[in-house]
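The values are calculated or read from the model by the stated rules, or taken from the named source; none is laboratory data. The structure displayed is predicted, hence computed values, not measured ones. Please note: Cβ atoms are built from the backbone with ideal geometry, for glycine as well, and neighbour counts cover all protein chains shown. Just the protein is used for accessible areas: all its heavy atoms, side chains included, with ligands, DNA and RNA removed. Shrake-Rupley method; radii C 1.70, N 1.55, O 1.52, S 1.80 Å.
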Amino acid sequence: MLKSQFLWKVWGSMALFLALSSLIFGYFVGNEVQKDTYERIERDLSQQANLLIPTLAKQLADATVLTPNALKQIAPGVAARITLIGHDGVVLGDSESPPGEMDNHLNRPEVILAKGNESFGTMVRYSQTLNQDMMYVAVRVETFNGKPEFLRLALPLAVVNLQIQSLRNKIYMSGGFIGFGLLLIAYYLAYRV
């Protein structure tokens with residue numbers, strides 16, 4: 001029975017089919033989970049930004065420069081990186097870095113989107129400063145001085161991407177175990193015939 005070419009052809013075809021099915025299933029499930037997770041993070045950052053606007057609007061209107069510690073005291077408990085950006089792109093405050101050391105942010109994609117027709121802009125991109133993928137949400141703030149200022153929140157995606165890759169790996173592994181089990185059952189049934 002073990003020397004039957006037909007058995008090995010059927011077995012090989014089943015193994016290939018199961019391996020490809022696991023890979024395709026893992027890829028699509030991982031992409032859907034990533035998309036849903038990114039949408040949830042975007043929604044959460046937008047809500048946090050809208051909640052912070054009343055607190056930070058005065059600092060933006062007065063063009064008050066805030067140190068990282070001062071900004072963290074004004075907005076305690078916010079896990080995302082907070083950046084206050086003036087109408088001219090000058091950074092007025094950042095929760096991680098001194099504003100004086102930061103580049104002009106007027107041409108950042110999320111700020112451009114917030115400056116346009118939308119009241120906010122979202123972008124997932126690689127941060128050259130932090131050397132990692134980040135999700136940015138910038139919200140246009142209409143201040144008392146009549147000039148649009150911007151509040152931007154940023155969250156690193158490294159942890160999310162690792163969790164999604166871990167999920168994909170689990171799908172691949174479980175597909176492999178299930179496939180191996182099915183191949184053993186197929187062999188047992190073929191051996192009995």
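Out of the total accessible area of region 3-51 (probe 1.4 Å, heavy atoms of protein only), what percent is carbon and sulfur? The partial results should precede the final answer.
Details: 2390 of 3560 Å².
Carbon and sulfur together cover 67 percent of it.
Per residue of region 24-30, in order, report the coupling 6.51 cos²θ - 1.76 cosθ + 1.60 (Karplus, θ = phi - 60°) as ³J(HN,Hα) in whole Hz, putting x for Gly and Pro.
Residue by residue, region 24-30 yields 5, 4, x, 4, 5, 5, x Hz.
Can you tell me the accessible area per residue over region 68-193, all protein chains present, probe 1.4 angstrom, in square angstrom?
Numbers: 7060 Å² over 126 residues.
Here the residues of region 68-193 average 56 Å² of exposed surface.
Angle check, please: helix 158-192 long axis (alpha carbons) against the longest principal axis of the chain (alpha carbons), in degrees 0 to 90, nearest 10.
In the chain, helix 158-192 runs at an angle near 10 degrees to the longest axis.
Using a probe of 1.4 angstrom, how much of the accessible area of region 110-154 is carbon and sulfur, in percent?
In region 110-154, the share of accessible area belonging to carbon and sulfur is 52 percent.
Considering the chain as a Gaussian network with a 10 Å cut-off on Cα pairs, which listed residue, Val159, Val137, Val90, attains the greatest mean-square fluctuation?
Fluctuation is largest for Val159.
Would you look at the GNM of the chain, springs on alpha carbons closer than 10 Å, and say which of Met173, Met123, Met134 moves the most?
Among Met173, Met123, Met134, the largest mean-square fluctuation in the Gaussian network model of the chain belongs to Met173.
Given the pairs Lys35/Lys170; Lys35/Lys72; Lys35/Lys147; Lys58/Lys115, which span a C-alpha to C-alpha distance of over 27 angstrom in this model? Display every interim value, and only then the final one.
Numbers: Lys35/Lys170 18 Å; Lys35/Lys72 30 Å; Lys35/Lys147 34 Å; Lys58/Lys115 19 Å.
From the list (Lys35/Lys170; Lys35/Lys72; Lys35/Lys147; Lys58/Lys115), the Cα-Cα distance tops 27 Å for Lys35/Lys72; Lys35/Lys147.
Running a GNM on the chain with Cα contacts under 10 Å, which residue among Ala57, Ala114, Ala15 ends up with the highest mean-square fluctuation?
Most flexible of the set in this elastic network: Ala15.
Given Cβ point charges of +1 (Lys, Arg) and -1 (Asp, Glu) and nothing else, what value in debye, to the nearest 20, does the dipole of the chain about its Cα centre take?
Working: 17 positive and 16 negative charges, 218 e Å.
Result for the chain is approximately 1040 debye, rounded to the nearest 20.
For region 125-139, in order, what is each residue's ³J(HN,Hα) by Karplus, 6.51 cos²θ - 1.76 cosθ + 1.60 with θ = phi - 60°, in whole Hz (x at glycine and Pro)?
Per residue, the Karplus-derived 3J(HN,Hα) values read 7, 7, 8, 5, 5, 9, 6, 7, 6, 9, 9, 10, 10, 10, 10 Hz.
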